[in-house]
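Enquirer: Quick one: structure below, then a few questions.
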Amino acid sequence: MRFDHRLLVLCVAIGLLTGGVNAQFNSGSDGSDLSYNPQENETIDLSQAVTAAWDTPSPNPGKGVYDPEKWAIVFKYTSITIPEDVTVTFTNHPSGAPVVWLATGNVALNGTIVLDGQDGSSGSAYRTPGPGGFAGGRGYSASTLPNSAGFGPGGAPRVGSNTVGGGGYGSAGGSSSTSAAGGGAYGNVSILPLIGGSGGAGNHTSSHTHNGGAGGGAILIASSSNIEIIGSSAITADGGNGSGSYDTYSGGSGGASGAGSGGAIRLLANAIIGSGGLYARGGNRYTWNGYSSNDGYGGSGGHGRIRMEATTLTYGGVADPAPTYGAPEHVFPPSSAPTLRVTHIDGTAMPTDPHAGVLTPDVAVSGDNVVTIHIEAMNIPVDEQVQVHITPERGDEIEVYSTPLFGSFSYSTATVDVQLPSKRSEIHVRVNWTP
């Protein structure tokens, strides 16, 4: 059974970025990954990163390090140059972690960086998200095997109809033509912690299966000097489109899965300039056109998040969605940031580094039994209740609330009893409160 307790205290408030910061910003790079200047299209295999604290000099220059505590693949370059007509893509790390590029010198983007989630499709495969994002839900053709909701904290809910909603992130996912709701919004404008988009729900009918679009990934680029986004260059972290079908033009039937939500782009530097594009758009809904009485569509994906932090900001390009702005300060959440984690399920200890993918089990427990989930919290007010959201690979999601957090603001615990489904599931935990 798959559990993902990874993240998420999504109320890490905007107030984490405080005041005006006039000192020279330092990205934290030690230059151990050398300079990055690909001369042709390149796919970076994030699984080659060595597991270490993010500020450890990279043992294999150019491969980066994976920091489980920060949940990030961190590259520490001297400079970054993406030439015109060069496209950089990524293969996900097993943990599903997002990408962090740190540079001591200038970052010049004249090409394209792509962290898009895969489009929905027919067949049995889950759709792959961009790094730091979450998979689309799976569709099943048999009525005895219900489709799954989209995965991630904004995954679109599962419904029984043949058109379903899109994943949410910076905004809620779109509803379908049958009024199936999309996933909810989550996260914060500071993109702390760094996290990508969520998946659209899968769909099934008696003759069709369609998997939901996956969420866009997440990338943070920080420079101790300048970031220049040149000309027609672009960074894209778009959600995957929905999938669907239509049988005939006369009394036909069909179905459509939901689209994935956009991911996240966060830039930090002393100066951000240029006119290239930044895109973290939700995936498009699937549409088909027969007779008007049979037209239909799945839900579109909600938009992602874009954040630009600089002392000098003269960026004049197209960004979709509109960015938020601030002064450069924290690359990673500070030690005082709120954190949550699941420590045990039914007495079985959770790994300290769970994988963020439904296909990779982190712990096995007996399904269809009531189990106790143990949660620990840091820097969260006591007496708050933790929302526990469980997304199984088939069937309806489960949402329950824990006992009130007990202990102190700096460290507290809670439990919740829940009957888990027999198949693999993802678990997300979240607390919302007003500071």
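One line per residue, one yes/no per condition, for (1) at pLDDT 95 or above; (2) touching a Cys at 6+ places or on another chain (Cβ under 9 Å); (3) surrounded by fewer than 20 Cβ atoms within 10 Å (Cβ to Cβ); (4) closer than 30 Å to residue 23 by Cβ:
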site: 210; (1), (2), (3), (4): no, no, no, no
site: 231; (1), (2), (3), (4): no, no, yes, no
site: 246; (1), (2), (3), (4): no, no, yes, no
site: 266; (1), (2), (3), (4): yes, no, no, yes
site: 269; (1), (2), (3), (4): yes, no, no, yes
site: 273; (1), (2), (3), (4): yes, no, yes, yes
site: 281; (1), (2), (3), (4): yes, no, no, no
site: 293; (1), (2), (3), (4): no, no, yes, no
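Enquirer: Which of (1) of a type outside the set (A, V, I, L, M); (2) within 25 Å of residue 44 (Cα to Cα); (3) at pLDDT 95 or above does residue 170 not meet, given it meets every other one?
Expert: Only one criterion in (1) of a type outside the set (A, V, I, L, M); (2) within 25 Å of residue 44 (Cα to Cα); (3) at pLDDT 95 or above is unmet by residue 170, namely (2).
Enquirer: Still on this structure: Looking only at strands (runs of 3 or more DSSP E) that lie completely in the stretch 298-410, which have at least 1 residues being crowded, with 16+ Cβ neighbours inside 10 Å, at pLDDT 90 or above and not aliphatic (A, V, I, L, M)? It would help to see each step written out before you state the result.
Expert: On the way: elements: 305-313, 324-326, 339-345, 370-378, 387-392, 398-401.
Filter on the stretch 298-410 gives 305-313, 324-326, 339-345, 370-378, 387-392.
Enquirer: Please note which strands (runs of 3 or more DSSP E) are completely contained in the stretch 40-130 and include at least 1 residues that are more than 27 Å from residue 198 (Cβ to Cβ) and modelled with pLDDT of 95 or more. Give the derivation first.
Expert: Working: elements: 42-45, 65-67, 72-77, 80-82, 87-91, 99-103, 107-109, 112-114.
Ranges flagged: 42-45, 72-77, 80-82, 99-103, 107-109.
Enquirer: For residue 4, indicate whether it is modelled with pLDDT under 95 and among the acidic types (Asp, Glu).
Expert: Yes.
Enquirer: Looking only at residues that are crowded, with 22+ Cβ neighbours inside 10 Å and modelled with pLDDT of 90 or more in the stretch 178-189, which one is farthest from residue 306 (Cα to Cα)?
Expert: At the first step, the residues of the stretch 178-189 found to be crowded, with 22+ Cβ neighbours inside 10 Å are 180, 182-183, 186-187.
Add one more test, that the residue is modelled with pLDDT of 90 or more, and what stays is 182-183, 186-187.
On the way: 182: 21, 183: 19, 186: 14, 187: 12 Å.
So the residue we want is 182.
Enquirer: Can I ask one more? With the requirement that a residue be among the β-branched types (Val, Ile, Thr), in contact with a helix residue (DSSP H, G or I) (Cβ under 8 Å, 6 or more places away or on another chain) and surrounded by 24 or more Cβ atoms within 10 Å (Cβ to Cβ), what does the stretch 73-106 give you? Spell out how you get there, then give the answer.
Expert: Let us first name the residues in the stretch 73-106 that are among the β-branched types (Val, Ile, Thr), namely 73-74, 78, 80-82, 86-89, 91, 99-100, 104.
Then keep just the ones that are in contact with a helix residue (DSSP H, G or I) (Cβ under 8 Å, 6 or more places away or on another chain); that gives 73, 91, 99.
Once the filter is applied, which keeps residues that are among the β-branched types (Val, Ile, Thr), in contact with a helix residue (DSSP H, G or I) (Cβ under 8 Å, 6 or more places away or on another chain) and surrounded by 24 or more Cβ atoms within 10 Å (Cβ to Cβ), the stretch 73-106 yields 73, 99.
Enquirer: Could you list, in sequence order, the residues of the stretch 199-242 that are of a type in the set (A, V, I, L, M) and either in contact with a helix residue (DSSP H, G or I) (Cβ under 9 Å, 6 or more places away or on another chain) or closer than 19 Å to residue 175 by Cβ (or both)?
Expert: Applying the first criterion (of a type in the set (A, V, I, L, M)) to the stretch 199-242 yields 201, 214, 218-222, 227, 229-230, 234-235, 237.
Listed by number, the list holds a single entry, 201.
Enquirer: I've got another one for you. Condition first: of a type in the set (Gly, Ala, Ser), in contact with an Asp or Glu (Cβ under 9 Å, 6 or more places away or on another chain) and under 30 Å from residue 425 (Cα atoms). Now tell me which residues in the stretch 307-358 satisfy that.
Expert: Here is the first cut: in the stretch 307-358, the ones of a type in the set (Gly, Ala, Ser) are 310, 316-317, 319, 322, 326-327, 335-337, 347, 349, 356-357.
So of that shortlist, the ones also in contact with an Asp or Glu (Cβ under 9 Å, 6 or more places away or on another chain) come out as 326-327, 356-357.
Listed by number, the residues that qualify are 356, 357.
Enquirer: Take the residues in the stretch 66-80 that are in contact with a Phe, Trp or Tyr (Cβ under 6 Å, 6 or more places away or on another chain) and not hydroxyl-bearing (Ser, Thr, Tyr); name whichever of them is farthest from residue 355 (Cα to Cα).
Expert: Residues of the stretch 66-80 that are in contact with a Phe, Trp or Tyr (Cβ under 6 Å, 6 or more places away or on another chain), as a first pass: 67, 70, 73-75, 77, 80.
Pick out the ones that are also not hydroxyl-bearing (Ser, Thr, Tyr) and you get 67, 70, 73-75, 80.
Working: 67: 13, 70: 13, 73: 13, 74: 17, 75: 20, 80: 29 Å.
Filtering first and then ranking leaves 80.
Enquirer: Right, another one. Looking at the stretch 122-129, can you tell me whether even one residue there is among the aliphatic types (A, V, I, L, M), in contact with a Phe, Trp or Tyr (Cβ under 7 Å, 6 or more places away or on another chain) and assigned by TED's automatic domain parsing to the domain that holds residue 260? Full working, then the answer.
Expert: Taking the stretch 122-129 first, the residues among the aliphatic types (A, V, I, L, M) are 125.
Cutting the leftovers down to in contact with a Phe, Trp or Tyr (Cβ under 7 Å, 6 or more places away or on another chain) gives us none.
Checking the stretch 122-129: not a single residue is among the aliphatic types (A, V, I, L, M), in contact with a Phe, Trp or Tyr (Cβ under 7 Å, 6 or more places away or on another chain) and assigned by TED's automatic domain parsing to the domain that holds residue 260.
Enquirer: When the residues of the stretch 156-167 are filtered to those that are surrounded by 23 or more Cβ atoms within 10 Å (Cβ to Cβ) and either farther than 17 Å from residue 397 by Cβ or more than 18 Å from the chain's Cα centre (by Cα) (or both), which remaining residue is modelled with the highest pLDDT?
Expert: Here is the first cut: in the stretch 156-167, the residues surrounded by 23 or more Cβ atoms within 10 Å (Cβ to Cβ) are 156, 158, 162-167.
Keeping just the survivors that are either farther than 17 Å from residue 397 by Cβ or more than 18 Å from the chain's Cα centre (by Cα) (or both) gives 158, 162-164.
Working: 158: 80, 162: 63, 163: 75, 164: 84.
Within the stretch 156-167, the match that is modelled with the highest pLDDT is 164.
Enquirer: Pairs under 7 Å by beta carbon, first residue on the phi > 0 side of the Ramachandran plot and not assigned by TED's automatic domain parsing to the domain that holds residue 154 in the stretch 363-389, partner assigned to a loop (DSSP other than H, G, I, E, B) and at pLDDT 95 or above, six or more apart or different chains?
Expert: From residues that are on the phi > 0 side of the Ramachandran plot and not assigned by TED's automatic domain parsing to the domain that holds residue 154, the pairs are 379/409; 379/410; 383/404; 383/405.
Enquirer: Can you work out which of the residues in the stretch 411-435 that are of a type in the set (D, E, K, R) and either without any contact (Cβ under 8 Å) to a residue 12 or more places away in the chain or under 17 Å from residue 153 (Cβ atoms) (or both) is surrounded by the most Cβ atoms within 10 Å (Cβ to Cβ)? Reasoning before the result, please.
Expert: Within the stretch 411-435, the subset of a type in the set (D, E, K, R) is 417, 423-424, 426, 430.
From what's left, either without any contact (Cβ under 8 Å) to a residue 12 or more places away in the chain or under 17 Å from residue 153 (Cβ atoms) (or both): 426, 430.
Values: 426: 29, 430: 16.
Taking the candidates together, the pick is 426.
The values are calculated or read from the model by the stated rules, or taken from the named source; none is laboratory data. Every value quoted in this text rests on a predicted model; they were computed, and no experiment measured them. As a convention, Cβ positions derive from the backbone with ideal geometry for all residues, glycine included, and neighbour counts pool all protein chains shown.
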